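Below: the structure, in structure tokens.
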Amino acid sequence: MAEFIDYYKVLGLTKDATTDDIKKAYRKLARKHHPDLNPNNPEAQRTFQQINEANEVLSDPENRKKYDQYGENWKHAEQFEQARQQQGGRHGAGGSQTGGFEGFGGFGGEGGDYSEFFEQMFGGRGGQRESQARYRGGDYNAELQMTLEDAYLTRQEVLTIDGKKVRITIPAGVEDGQTIKLKGYGAPGANGGPAGDLYLKFVVHNNGPYKRVGNDLYKTVDLPLYTALLGGEIVVDTLSGKLKLKVAPETQNGTKIRARGKGFPVYKQEGKFGDLYITYNILIPTGLTDEQKELIKQLAGTQKP
Amino acid sequence: MERTDLILVNDFCVYHKVSYTFITGLQEAGLVEIITIEGESFLPVDNIRDVEKLVRFHVDMDINMAGIEAISNLLRQIDEMQQNLHTLQQKLLLYEAGDEAAIDDTNTY
């Protein structure tokens, strides 16, 4: 069961606060915690949601009265609601669009839970416009979790939006944290107005052997000692398949080579790729036989100081 | 043909309870784009989210035009810094993985 929240405490007020006190306290806290002023800060967003909720309850005389009356026993307010409904009463709409469709890991994005113009007024709450006016639907924010390998290729994804399955194309090369706008995939409009947009943020998980910096990839590859000493060829796995590399004789440990165009696809630039940087990690043989040790001693003896 | 990509500035002002001069002030500060067609002023639908944010600064947080301009510039800088930070964090991961070789001495294939 949800815990009681002391809205007065959230706003740093006492129960005898005036409407003006509430407004001032809210504005002061909003200037510090509002998501618009704290981009990409989920902590600020959570804090502000509480502040906003407190303000919505306390700045509305009807809601405040109910909250003051029931306080910690707010759960009895349900009975209060029922009684009011029987009397034909109506409660404030409040709240904002934070849900609406499923299939994602959660909601985020700038502005937090607000897009008032479309979500509330365009949803018909304003009442200052003709009822037949056409309103655009609200915007949705969502996150899509994917792996680096997923982001490497252009892919079709089926999303469930408002209970409907929608197929979208995600271009290859999306970045971790990148947000794209899918026009018309938000909430439906009212009275024939256009639908809102879906802001889809990509969270690209990368636990594999590749590190990504922009469009370039970095990978460490083990190299046998003798190949490093004498040179040769090795085959390396890349995201686009196998890559044969010539290893120069006397290659040092930690040497980096660049494979042009073998990195990550550049977003929305077909056929264009970043580079793949490969760092050699030379493997020192273990479990040497006596014969091998003797040969290496002889080799060491030939080394000039 | 009726356009659905524009919103009348007057409608926007009525809903948000902001003055018309507030929106033109934002335009003068270079923070919003207003399109005029046959004497009527419109906001592009694609920019509404950003304009609403500026309205919230004004209405919810009681910030004046000069403050909004300063905040917008700072937010732009924060955005750039966050992008730089993201790139640096990605680069740092290379070194945390134990790879400390310099990128300069690379051979190209």
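The values are calculated or read from the model by the stated rules, or taken from the named source; none is laboratory data. Treat the numbers as computed from the prediction; the structure is a model and nothing was measured. Heads up, the Cβs are rebuilt from the backbone with ideal geometry, glycines too, and the neighbour counts pull from every protein chain shown.
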- Message: Would you confirm whether or not segment A:213-225 contains a residue that is in contact with a strand residue (DSSP E or B) (Cβ under 9 Å, 6 or more places away or on another chain), crowded, with 18+ Cβ neighbours inside 10 Å and polar (S, T, N, Q)?
- Response: yes
- Message: From the list A:Gly173, A:Gly163, exactly one residue is in contact (Cβ under 8 Å) with a residue 12 or more places away in the chain, at positive phi, surrounded by fewer than 14 Cβ atoms within 10 Å (Cβ to Cβ) and not charged (D, E, K, R). Which is it?
- Response: A:Gly163
- Message: Any residue at all in segment A:140-148 that's in a strand (DSSP E or B), surrounded by 14 or more Cβ atoms within 10 Å (Cβ to Cβ) and without any contact (Cβ under 8 Å) to a residue 24 or more places away in the chain?
- Response: no
- Task: For A:Tyr218, work out the one condition from (1) touching a residue at least 60 places away in the same chain (Cβ under 8 Å); (2) over 25 Å from B:Leu92 (Cβ atoms); (3) facing chain B (nearest Cβ under 9 Å) it doesn't fulfil.
- Result: (2)
- Message: A:Leu239 - would you say it is within 20 Å of B:Leu93 (Cβ to Cβ) and more than 12 Å from chain B (Cβ to nearest Cβ)?
- Response: yes
- Message: From the list A:Tyr218, A:Tyr277, A:Tyr199, A:Tyr267, exactly one residue is assigned by TED's automatic domain parsing to the domain that holds A:Asp139, closer than 30 Å to B:Thr87 by Cα and not polar (S, T, N, Q). Which is it?
- Response: A:Tyr199
- Message: I need the full set of residues from segment A:176-200 which are under 25 Å from A:Gln269 (Cβ atoms), in contact (Cβ under 8 Å) with a residue 24 or more places away in the chain and assigned to a strand (DSSP E or B), in order please.
- Response: A:Thr179, A:Leu198, A:Tyr199, A:Leu200
- Message: Take the residues in segment A:38-65 that are part of a loop (DSSP other than H, G, I, E, B) and in contact with a helix residue (DSSP H, G or I) (Cβ under 7 Å, 6 or more places away or on another chain); name whichever of them is nearest to A:Thr14 (Cα to Cα).
- Response: A:Ser59
